[in-house]
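J.: Quick one: the structure is below, and I'll ask about it shortly.
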Amino acid sequence: HAMTATRYGLRVAHMGVAFIVMWPMLYTDTGESWRLRDRRQRLAIASAGIVTELAVAALATLAWNLAADGSALKQSLFFLASTAWVLSLALNVSPFMRFDGYFILSDLLDMPNLHERAGALARAALRRTLLGWQEPDPESLAAPRRHGLVAFALLTWVYRLVVFAGIAVAVYLFFFKALGVLLFIVEVWWFI
């Protein structure tokens with residue numbers, strides 16, 4: 001991300017390691033990418049992380065295949081390859097969380113603040129459908145795009161519910177029970 005962003009003249013304010021559910025992940029602040037008018041440049045910045053992760057996964061898979069059977073190196077390469085594939089494809093590509101997949105989809109649709117806008121449309125649609133309120137949409141869009149964004153918001157809510165409930169259970173299981181119960185309650189209260 002940082003190399004691509006600086007190539008387009010942007011400043012990268014922060015880089016480092018973030019811990020997501022006690023798992024370290026590299027972090028690059030590319031918040032200035034919205035200053036670029038060309039969405040292909042923004043798309044290149046957003047997809048650079050996934051491309052790099054997939055390249056590392058492919059090289060680790062190749063090295064794992066060539067390493068001697070039963071060696072510690074082969075086991076390490078297998079761990080690197082499998083986690084790189086899984087994290088890249090299952091987590092980072094997903095548009096339902098604010099990782100690379102979200103920014104890629106946002107750039108492909110040319111729709112900044114995709115989660116917020118889709119969520120606002122879905123809340124208005126649910127209020128009309130379930131409660132019978134005469135609430136207008138927060139923004140006027142063509143019907144197919146509006147329906148797609150409402151469906152996207154509903155899928156995002158279900159995905160996040162499953163992820164955060166899983167995190168709450170993991171937090172409960174990883175800590176001693178009194179702290180686990182407290183952290184479980186905090187997780188459910190704050191995120192769900």
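The values are calculated or read from the model by the stated rules, or taken from the named source; none is laboratory data. Quantities reported herein were computed from a predicted structural model and do not represent experimental measurements. For neighbour counting, all protein chains shown are included, and Cβ atoms are generated from backbone atoms with ideal geometry for every residue, glycine included. In case anyone asks, the SASA skips ligands and DNA or RNA and just uses the protein heavy atoms, side chains included. Shrake-Rupley method; radii C 1.70, N 1.55, O 1.52, S 1.80 Å.
J.: Determine, from the Cβ-Cβ distance of TRP189 and VAL56 and an R0 of 25 Å, the FRET efficiency 1/(1 + (r/R0)^6), rounded to the nearest 0.05.
T.: 0.10
J.: Does the chain classify as rounded, prolate or oblate by the C-alpha gyration tensor (a ≥ b ≥ c root eigenvalues; a/c under 1.5 gives rounded; else a/b over b/c gives prolate, otherwise oblate)?
T.: Oblate is the answer for the chain, as a/c is 1.5 or above yet b/c matches or exceeds a/b.
J.: Compute the FRET efficiency between VAL86 and ASN113 as 1/(1 + (r/R0)^6), taking r as their Cβ-Cβ distance and R0 = 22 Å, and round to the nearest 0.05.
T.: Between VAL86 and ASN113 the formula returns 0.15.
J.: Along region 126-143, what does the Karplus equation 6.51 cos²θ - 1.76 cosθ + 1.60 (θ = phi - 60°) give for ³J(HN,Hα), rounded to whole Hz, x for Gly and Pro?
T.: So the J values, rounded to whole Hz, are 5, 5, 5, 6, 8, 9, x, 6, 9, 8, x, 5, x, 8, 8, 9, 4, 4.
J.: Counting only heavy atoms of the protein chains, get the accessible area per residue of region 65-192 (1.4 Å probe) and round it to a whole Å² value.
T.: Ligands and nucleic acids excluded, the figure is 63 Å² per residue.
J.: Further question on the same structure: With just the Cα atoms defining each centre, how far is region 113-167 from region 29-55? Give it in Å.
T.: 26
J.: In a shell of Cβ-Cβ distance under 15 Å around VAL93, excluding VAL93 itself, what net charge do Lys and Arg (+1) and Asp and Glu (-1) give?
T.: -2
J.: Let me know the charge dipole size of region 1-142 about its Cα centre in debye, to the nearest 20, where only the beta-carbon of Lys, Arg (+1) and Asp, Glu (-1) is charged.
T.: It comes to approximately 180 debye.
J.: Pick from ASP69, ASP110, ASP100: which is most flexible by mean-square fluctuation in a GNM of the chain where alpha carbon atoms under 10 Å apart are linked?
T.: It is ASP69.
J.: Here is a follow-up. What FRET efficiency would be calculated for the residue pair GLU139, LEU179, taking the C-beta separation as r and a Förster radius of 41 Å, to the nearest 0.05?
T.: Calculated value: 0.40.
J.: Moving on. Per 0.36 nm of contour for each residue apart, how much would the distance between PHE164 and ARG127 grow if the chain were fully extended, relative to their Cα-Cα spacing?
T.: 10.9 nm
J.: Next question, about the same structure. As a test question: what accessible area, to the nearest 10 Å², does PHE19 have when a 1.4 Å probe is rolled over all protein chains in place?
T.: Accessible surface of PHE19 is approximately 150 Å².
J.: Multiply the residue separation of ARG35 and GLN75 by 0.36 nm, subtract the distance between their alpha-carbon atoms, and state the gained length in nm to one decimal.
T.: Taking 0.36 nm per residue and subtracting the Cα distance, the gain is 10.0 nm.
J.: Okay, which of region 62-89 sit inside 20 Å, backbone N to the point 7 Å along the Cα-Cβ direction of MET3?
T.: Of the residues in region 62-89, 62-63, 81, 84-85, 88-89 have backbone N under 20 Å from the label point off MET3.
J.: Turning to a different aspect of this structure: Along the charge dipole of region 71-180, which of GLY119, GLY101, ALA165 sits closest to the positive end, that is, farthest toward it, with unit charges on the beta carbon of Lys, Arg, Asp and Glu (+1, +1, -1, -1)?
T.: Positive-end residue among those listed: ALA165.
J.: Take the alpha carbon gyration tensor of region 116-192, find the square roots of its eigenvalues, order them as a ≥ b ≥ c, and report rounded if a/c is under 1.5; if not, report prolate when a/b exceeds b/c, else oblate.
T.: prolate
J.: Turning to a different aspect of this structure: Got a number for carbon plus sulfur as a percent of the chain's accessible area, 1.4 Å probe?
T.: 69
J.: Where a ≥ b ≥ c are the square roots of the eigenvalues of the C-alpha gyration tensor, would you call region 72-181 rounded, which needs a/c under 1.5, or, failing that, prolate if a/b is larger than b/c, or oblate?
T.: Oblate is the answer for region 72-181, as a/c is 1.5 or above yet b/c matches or exceeds a/b.
J.: Would you calculate a helix-derived [θ] at 222 nm for the chain, using -39,500 (n - 2.57) for each DSSP H run of n ≥ 4 and dividing by the full residue count, to the nearest 500?
T.: One gets -22000 deg cm²/dmol as the mean residue ellipticity at 222 nm.
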